[in-house]
Amino acid sequence: APEVALTFAFGLVHGLGFASMLQAQLSAGASILVPLLGFNLGVEVGQLACVVVAFPLLIGLGHQRWARPAFASLLVALALLGCGFTFERIFA
């Protein structure tokens, strides 16, 4: 399925970006494995916590008339923020 391939590619690029940033913070010759695993575990726990809080709120608010345009606006804002961070990381 194309969704699976896209998700895998996004996760891979995302993870490699964090790995390179983390490696830059470590001293020369230090192993990246344990800090990277710890970082990824922390990210996953944080994402699960956000879903546990956000999912019931989104379900409850999703039936409001204003919800669809508000959620679309929020998604566009988040996408632009992500593009801005990507641009800064590549060109700064």
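The values are calculated or read from the model by the stated rules, or taken from the named source; none is laboratory data. Note that the structure is a prediction, hence the values are computed from the model and not measured. Cβ placement follows ideal geometry from the backbone for every residue including glycine, while neighbour counts extend to all protein chains displayed. These accessible areas exclude ligands, DNA and RNA; they are computed on the full protein's heavy atoms, side chains included. Shrake-Rupley method; radii C 1.70, N 1.55, O 1.52, S 1.80 Å.
A Cβ distance below 9 Å, combined with a sequence gap of six or more or placement on separate chains, defines the contacts here; from the range 1-20, residues that are touching a residue at least 40 places away in the same chain (Cβ under 8 Å) reach residues that are assigned to a helix (DSSP H, G or I) in the pairs GLY17/THR86; GLY17/ARG89. Residues in the range 38-74 that are open to solvent by less than 100 Å² (accessible area, probe 1.4 Å) and in contact with a Gly (Cβ under 9 Å, 6 or more places away or on another chain) were compared, and the one that is modelled with the highest pLDDT is PHE71. Scan the range 8-19 and tell me whether some residue there is surrounded by fewer than 10 Cβ atoms within 10 Å (Cβ to Cβ) and either β-branched (Val, Ile, Thr) or over 14 Å from the mean Cα position of the chain (by Cα) (or both). No, the range 8-19 contains no residue that is surrounded by fewer than 10 Cβ atoms within 10 Å (Cβ to Cβ) and either β-branched (Val, Ile, Thr) or over 14 Å from the mean Cα position of the chain (by Cα) (or both). For the range 39-86, the set of residues classified as over 16 Å from the mean Cα position of the chain (by Cα) and either within 21 Å of GLN23 (Cα to Cα) or not in a helix (DSSP H, G or I) (or both) consists of GLY62, HIS63, GLN64, ARG65, TRP66, listed by residue number.
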